[in-house]
Amino acid sequence: MNREIYDEDHEAFRASVREFLERSVIPDVEAYAEKKGIPREFWLEAGKQGFLGLEIPEEYGGAGAGDYRFNAVMGEELSKVNAALGSCWGIHADITAPYLVQLGTEEQKQRWLPGVAAGEILLAIGMTEPSGGSDLAALKTTAVRDGDEWVINGSKTFITNGYSADLVITAVRTSPEKKARGITLFAIPATAEGFSRGRKLDKVGQDESDTAELFFENVRLGDDHVVGEVDGGFIHMMQKLPQERLGCAISNIAHAQQILVETLQYTKDRKAFGQSIGQFQHSKFLLAELFTKIEVSQAFLDQCVVAHGKGELTPVDAAKAKWWTSEIQNDVLDHCVQLHGGYGFMNEYRVARAWRDARVSKIWAGSNEIMKELIGRDLGL
Ligand SMILES: Cc1cc2nc3c(=O)[nH]c(=O)nc-3n(C[C@H](O)[C@H](O)[C@H](O)COP(=O)(O)OP(=O)(O)OC[C@H]3O[C@@H](n4cnc5c(N)ncnc54)[C@H](O)[C@@H]3O)c2cc1C
């Protein structure tokens, strides 16, 4: 089915993203997985091409695209190469940068945004703690006022870009008695005294991304590192989570769709019992089902992208998009592995890695159980 949400400007942008990926990324992407991280050269080159500042106004060095469909195109193309590229770019440019753009003071924007757009300041977002991620309101990292400064103690875990980030937007408890209404966002530079990182976490998939635990031991910061309202952090995060979930959904479908197309070709090329394996009625029907699932999901997702562009995407629709697409992605990729037979279980095959990479999409950015909780509440339950 033709998708109608993109016009020729978006397609021209897509062509430039592809050109960048083919020239500067795909030839080296195996090394990203071996080194368990995306090198700084990727960020600097992406910055030069204007791919990191889609959310950042021109006066701060960004492209100021003002049209979420460009973010969607970027997320799609990166995720087709591999899921980790999509998620790491998403954390930097699509999820964390908007906190600074929309909540930052003029001085903060001038201080950080040009570096963010250029790839010189890599961003991460620290919400999850070792004691829990789903119950965000119960987070334990604290900031206590001491004269003109805040003193931050605690830790975060599973932080994407955490090992290499230069600036971490971190959710911290500032009013212990106020639970959700006692959380503040701090922009914590990796150079701050008392900030440290654990090792790169050893994940089941998405080898190309660095994911780390972060520690804060008497990190002292002034008010100029508070992002948004003191004690307003929970509301700020709730306002930003729909875009994060939409970005995840875009990546989920693009990733699965790409591997499905590659799998279709494999089933045409691979022979058994004197015919292509795709021609067995079971395979043919299965592939028919999988392509249908992707296209039907894409139609809902595209409506979400349009709604988000108009400022009308509800948190509930974002939750529906996130849980549904991650289930479809995992279902499709599991079948793609099966269609590859034994090769589907070999790490040297893209399908095997894609299958591993996909599993986390049901867990992060709010687990699918939490998504269904939000949808259920909206049903009045
Ligand atoms: C690779 C990776 C990258 C990540 N990147 C980031 C990042 O950049 N920044 C960040 O802040 N976090 C990040 N996360 C953390 C992620 O968002 C959390 O793992 C997720 O929110 C779940 O939190 P948890 O792991 O503490 O699980 P828990 O909250 O302990 O949940 C465990 C299980 O209980 C279920 N559960 C919990 N509460 C309920 C409920 N009310 N009803 C029904 N079921 C429930 C959950 O769905 C889950 O199945 C990342 C995680 C991974 C694995």
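Extending 7 Å from Cα along the Cβ direction at L201 and again at R3 yields two label points whose distance is 2.9 nm.
Dividing the convex hull volume of the alpha carbon atoms of region 316-370 by its residue count gives 64 Å³ per residue.
Compute the FRET efficiency between K268 and E106 as 1/(1 + (r/R0)^6), taking r as their Cβ-Cβ distance and R0 = 45 Å, and round to the nearest 0.05. Provide the component values of the computation, followed by the final result.
Values: r = 57 Å, r/R0 = 1.27.
Once the sixth-power term is evaluated, E becomes 0.20.
Highest mean packing comes first when the peptides 368-381, 172-185 are listed by Cβ atoms within 10 Å, giving 172-185, 368-381. Kirkwood hydrodynamic radius of the chain, from the reciprocal of the average inverse Cα-Cα distance over all distinct pairs: 21.4 Å.
Of the cross-linked pairs K48/K240; K140/K320; K48/K200; K156/K372; K240/K320, those separated by over 19 Å at the C-alpha level are K48/K240; K140/K320; K48/K200; K156/K372.
Overall, the accessible surface of region 125-231 at a probe of 1.4 angstrom is composed of carbon and sulfur to the extent of 48 percent.
Classify region 69-144 from the C-alpha gyration tensor, please: rounded if a/c falls under 1.5, else prolate or oblate depending on whether a/b exceeds b/c. Oblate. In loop segments of region 110-170 as defined by DSSP, there are no chymotrypsin sites (Phe, Trp or Tyr not before Pro) with at most 16 further C-beta atoms inside 10 Å of their C-beta. Using C-alpha pairs below 8 Å separated by at least 6 residues, the relative contact order for the chain is 16 percent.
Gap in Å between the Cα centre of region 243-299 and the Cα centre of region 1-50? A separation of 23 Å, based on Cα centres. Between D67 and R40, the FRET efficiency from the beta-carbon distance, with R0 = 25 Å, is close to 0.35.
Per residue, region 173-283 exposes 46 Å² of accessible surface when a 1.4 Å probe is rolled over the protein heavy atoms with every protein chain present. Leaving out ligands, DNA and RNA, what percent of the accessible area of region 8-121 is carbon and sulfur, probe 1.4 Å? Roughly 50 percent of what the probe reaches on region 8-121 is carbon or sulfur.
Nearest 0.05, what FRET efficiency do R145 and R181 give at R0 = 30 Å with Cβ-Cβ as r? The calculated FRET efficiency here is 0.95.
The values are calculated or read from the model by the stated rules, or taken from the named source; none is laboratory data. These figures come from a predicted structure and were not determined experimentally. All Cβ positions, even for glycine, are placed from backbone atoms using ideal geometry, and neighbour counts span all protein chains on display. Accessible surface is based on the protein model in full, side chains and every heavy atom, while ligands, DNA and RNA are left aside. Shrake-Rupley method; radii C 1.70, N 1.55, O 1.52, S 1.80 Å.
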